[in-house]
Amino acid sequence: MKNYIIRTIIMFIICVTVATYFLEKHPELTTPGQSQPIEKQEAHEPEPPLPSPLQPIYEDDSIVYSLQNDQLQVTFNKGRDWILVPVEKVKLFAGEYNGNEQELIENSYILTQNRAAFLYSEGESIKLKYSLNQGKTWEDSVVSAQYPPIRFRKVEFLNDRFGYAIISGDRTMSQEWTTVYITNDGGKQWKETTHSGVTRLIYEGGFVDENTGFLSFGILNPVGPDLYVTQDGGNSWSKATVVIPEKYHEIFVMAEVPFKEANHLAVFINQGPNGDYEGGKVKGKFISNDNGKNWEFSLEVRF
């Protein structure tokens with residue numbers, strides 16, 4: 001009997017020792033309701049979702065912009081580094097014409113390695129947000145302190161100093177007010193040029209040098225080109241004479257922006273929105289030898 005009691009005590013001590021050792025090696029078993037160690041549970045908690053990658057809109061191989069998340073952002077190195085442009089997206093589309101708001105309005109901005117610039121409306125004023133150092137710093141300039149809601153807008157620079165902006169607004173039916181502004185200090189200050197006297201809806205416009213510029217009017221049922229030229233930097237405007245061969249009367253009706261070619265100026269005149277000559281895929285090329293005052297037909301060009 002005595003031996004039996006001793007053996008029982010020894011077995012009890014052994015069981016307690018084994019149980020204690022086992023629990024020390026597996027402490028997670030003392031926590032009810034957990035099937036794995038706390039450390040492993042924390043490792044399996046879901047991570048917060050990553051932001052969606054920006055959807056780029058390409059300008060060239062390296063310069064890209066995005067309007068995602070209601071922000072205008074640009075990159076100069078194929079998307080490796082994105083730069084926020086400090087202007088509200090809604091201001092880029094303000095006015096009578098808003099575009100599709102999925103892309104910037106054509107000609108309302110400049111994106112090159114040396115200049116990024118964006119026309120926008122703020123209250124009653126028209127401003128230009130621009131950077132000359134790839135977005136490291138941004139500047140604002142006032143193109144017009146007061147202007148009605150804008151329809152047509154275009155900004156361009158011919159060199160580091162000279163640039164122009166063409167803006168139209170206050171449209172009523174087929175009439176509107178078109179204004180040309182120029183800058184000679186890289187966009188810091190803008191000067192309004194003399195009004196052309198034309199109130200038809202503007203189709204296009206631009207300068208070929210610091211003195212010579214053009215405005216092309218008539219986008220509603222045009223029957224012939226309505227092209228105006230300045231040869232004194234916008235101090236005066238006059239209607240250019242465009243001689244349309246009889247074969248092309250009421251076919252070539254809308255003048256695009258002239259350009260320099262060899263020792264003369266050239267311009268393409270298209271068929272307008274309703275043209276169907278040769279499937280609407282042909283334009284007339286015209287040449288001027290007096291810096292844009294008179295134009296003569298050269299040849300048909302297929303696009």
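Numbers for the structure displayed
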quantity	calculated
Within region 97-119, tally of residues that are charged (D, E, K, R) and free of Cβ contacts under 8 Å to residues at least 40 places away in the same chain	2
Residue ID - nearest to the chain's Cα centre (by Cα), chosen from residues in region 138-151 that are under 16 Å from residue 180 (Cα atoms) and part of a loop (DSSP other than H, G, I, E, B)	149
Scan of region 156-197 for residues that are of a type in the set (A, V, I, L, M), modelled with pLDDT of 95 or more and within 24 Å of residue 94 (Cα to Cα), ordered by number	165, 166, 167, 180, 182
Per-region count, region 273-287, residues surrounded by fewer than 21 Cβ atoms within 10 Å (Cβ to Cβ) and either assigned to a loop (DSSP other than H, G, I, E, B) or among the small types (Gly, Ala, Ser) (or both)	7
Any hit, region 222-245, residues being open to solvent by less than 40 Å² (accessible area, probe 1.4 Å), within 26 Å of the chain's Cα centre (by Cα) and modelled with pLDDT of 95 or more	no
Residue within region 279-291 that is more than 32 Å from the chain's Cα centre (by Cα), of a type in the set (Ser, Thr, Tyr) and farther than 26 Å from residue 179 by Cβ present	no
Residue within region 123-145 that is in contact with a Lys or Arg (Cβ under 7 Å, 6 or more places away or on another chain) and of a type in the set (Val, Ile, Thr) present	yes
Residue that is surrounded by the fewest Cβ atoms within 10 Å (Cβ to Cβ), among those in region 292-303 that are over 12 Å from residue 266 (Cβ atoms) and not hydrophobic (A, V, I, L, M, F, W, C)	302
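The values are calculated or read from the model by the stated rules, or taken from the named source; none is laboratory data. Since this is a predicted model, take the numbers as computed values, not measurements. In this analysis, Cβ positions are derived from the backbone assuming ideal geometry, glycine residues included, and neighbour counts consider all displayed protein chains. With ligands, DNA and RNA removed, areas are computed over all heavy atoms of the protein, side chains included. Shrake-Rupley method; radii C 1.70, N 1.55, O 1.52, S 1.80 Å.
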